[in-house]
Amino acid sequence: GYYTLSDLKEGPIEVTAQAPHTSFSVEKCNLKLPHIKIEDVKVEGFEVCGSVEKSPSEEVASSLILKRIDNSETLSIRPGMDGKFCKMVAPAKYTISPADASSTLTPRSLDIDTTAKFVHDLRFTHFKTDAVVLVTCIGSCETLSISLLHGNTVVDTVKGKDESVFRNIGPGKYR
């Protein structure tokens, strides 16, 4: 963009810019009238923000790895206690993924582009699905109470006749 400077006086000055979710260089120069030369203010970074869902067994949300595509630079992103994160990064193209390759977070990887703007809508959640349980009774079926167990822990109990649904079930072995 362009800017206008007014009421200039000789001596040292600093010029920068401000915009939401963006960081800019600070250009310092020593003004000597009438020859004024100020370097261009450059974008130094854009924010990458989003959230990571905590699993029931986690006290804090899992970390993420941000890898720059054009070189080997990697950054670790540690979400806050609420699972939210924001990281100022240099303008470039990146891949962001869960740090723990064995986690159930999805998506497994996202390509993001901060060459021209910030990114504020990233969301990592744990894979979940619904489990449908069909019961075939010999004779008439009364209302049944069916429990889903993970190990020896009761995860959920539903009531139904011949079909019941357990909702939002994460990966694992159940009985």
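The values are calculated or read from the model by the stated rules, or taken from the named source; none is laboratory data. Quantities reported herein were computed from a predicted structural model and do not represent experimental measurements. Here the Cβ is made from the backbone with ideal geometry for all residues, glycine too, and neighbour counts use every protein chain on show.
For the reader, a short list of remarks on this structure follows.
- Whichever residue in segment 39-54 is surrounded by 14 or more Cβ atoms within 10 Å (Cβ to Cβ) and not in a strand (DSSP E or B) and, among such residues, is farthest from the chain's Cα centre (by Cα): Val41
- Verdict on Asp130 being closer than 18 Å to Val48 by Cα and either modelled with pLDDT of 85 or more or not in a loop (DSSP other than H, G, I, E, B) (or both): no
- Verdict on Asp7 being on the phi > 0 side of the Ramachandran plot and in a loop (DSSP other than H, G, I, E, B): yes
- Looking across segment 100-122, the residues that are closer than 24 Å to Asn168 by Cβ and either without any contact (Cβ under 8 Å) to a residue 40 or more places away in the chain or outside any strand (DSSP E or B) (or both) come down to Asp100, Ala101, Ser102, Ser103, Thr104, Thr106, Pro107, Arg108, Ser109, Leu110.
- Flag if Ser164 is more than 30 Å from Thr22 (Cβ to Cβ), free of Cβ contacts under 8 Å to residues at least 40 places away in the same chain, touching a strand residue (DSSP E or B) at 6+ places or on another chain (Cβ under 9 Å) and not assigned by TED's automatic domain parsing to the domain that holds Val60: yes
- Flag if Ser145 is loosely packed, with under 14 Cβ neighbours inside 10 Å and not assigned by TED's automatic domain parsing to the domain that holds Leu64: yes
- Residue within segment 86-100 that is of a type in the set (Phe, Trp, Tyr) and surrounded by 11 or more Cβ atoms within 10 Å (Cβ to Cβ) present: yes
- Filter result for the condition that a residue is surrounded by 13 or more Cβ atoms within 10 Å (Cβ to Cβ), free of Cβ contacts under 8 Å to residues at least 12 places away in the same chain and in the same structural domain as Asp111 (by TED's automatic domain parsing), over Glu73, Glu59: Glu73
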